[in-house]
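Quick notes on the structure that follows.
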Amino acid sequence: MKKICWMALVAVCLFAGCQGLRFAPNEAQKQNAWLHNRTAAVAAETARGEEVSEQLQGLTELGYLQSGAITAYFGPPKEIPQAFTAEEILEQSTWDLAEAAKAEGAERPDAFRIADNVLELAIGISSLLGGVYGTRAVRFLKEAKDKSRALEEIIAGNELFKKEHKAYAPAFKEAQKNQSPATKQIVAQMKA
């Protein structure tokens, strides 16, 4: 049982990674999505009212429709930004919000935090199961959590050492060259 649980956890971390996981949209991202919808709506209205090609009118209409889907996916913001005209939409605060939302949207959960949360969940479930197997599973999972935390500290310490002592970095890398491919892959995933 220990071996299967450990292999499953390692497989999730190695093969899934954290790139597929994202944080839920925050308030700034929801406001930005809402503002995107308003921007697309005003652009479509403007295109309809001016002498522009049918192609540009179609593109702005489609953009408005698509932005509505994005806004629906993100959910409504708690606070609706006051941006109903082109002038209000083009204020500097809208540009700043778009930059902040873009930066926050690129953030990914840390692999160690994910592993820690998965282990906490598994410990909680095992505790609920109780009995001999539940107790053994809790002990095993707590040990796996401690090992994960230790690995995180080792990797952070190694990276700090290489950064602080650049002259020793080649020797450090040479000392690590005999690691198994699996170990190298785990460390690479943890550093990413």
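Laboratory data are not the source of any read-out in this text; all were calculated from the coordinates shown. As the structure is a prediction and not an experimental result, all values here were calculated from the model. Cβ coordinates were reconstructed from backbone atoms using ideal geometry, including for glycine residues, and neighbour counts include every protein chain displayed.
Treat every Asp and Glu Cβ in the chain as -1 and every Lys and Arg Cβ as +1, leave all other atoms uncharged, and give the resulting dipole magnitude about the Cα centre to the nearest 20 debye.
My answer is approximately 1880 debye.
What does the net charge come to around GLU27 if you take all other residues with beta carbon closer than 9 Å to its beta carbon, with K and R at +1 and D and E at -1?
Summing Lys and Arg as +1 and Asp and Glu as -1 gives +1.
Between SER127 and GLN66, what is the label-point separation in nm under the 7 Å Cα-to-beta-carbon projection?
About 4.8 nm, to one decimal.
Suppose R0 equals 41 Å. What FRET efficiency, 1/(1 + (r/R0)^6) with r the Cβ-Cβ distance, do GLU107 and ARG136 give to the nearest 0.05?
The value I calculate is 0.65.
Taking Rh as the Kirkwood radius computed over C-alpha pairs, what is the Stokes-Einstein D of the stretch 27-105 at 10 °C in a medium of viscosity 1.306 mPa s, expressed in µm² per second?
For these conditions, the coefficient is 123 µm²/s.
With each run of n ≥ 4 DSSP H residues scored as -39500 (n - 2.57), what mean residue ellipticity at 222 nm is computed for the chain after dividing by its residue count and rounding to the nearest 500 deg cm²/dmol?
Calculated from helices alone, the mean residue ellipticity at 222 nm is -25000 deg cm²/dmol.
Mind giving me the FRET efficiency for LEU56 and ASP96? R0 is 25 Å, r the Cβ-Cβ distance, nearest 0.05 is fine.
0.35
Just to confirm a number: summing +1 for Lys and Arg and -1 for Asp and Glu over residues other than ALA72 whose beta-carbon lies under 15 angstrom from that of ALA72, what do you get?
Taking every Cβ under 15 Å from that of ALA72, the sum is +2.
Roughly how big is the stretch 27-105's charge dipole about its Cα centre, with Cβ charges of +1 (Lys, Arg) and -1 (Asp, Glu), in debye to the nearest 20?
So the magnitude is around 340 debye.
Determine which residues of the stretch 104-119 fall in the zone a paramagnetic label at ASN26 would reach in this model, i.e. backbone nitrogen under 18 Å from the point 7 Å along Cα→Cβ.
Taking a point 7 Å out along Cα→Cβ of ASN26, the residues of the stretch 104-119 whose backbone N falls under 18 Å are 104-111, 113-114.
If you take every residue apart from GLU91 with its C-beta less than 14 Å away from the C-beta of GLU91, what net charge results, scoring Lys and Arg +1 and Asp and Glu -1?
Around GLU91, the surrounding residues sum to -3.
Tell me which of ASN117, LEU129, GLY157 sits at the most positive position along the dipole axis of the stretch 89-158, charges placed on C-beta atoms (Lys, Arg +1; Asp, Glu -1).
Going by the charge dipole, the pick is LEU129.
Tell me the label only: which of [x] 1.17; [y] 1.30; [z] 1.04 is Rg/Rh (Cα atoms, Kirkwood Rh) as calculated from this structure?
[x]
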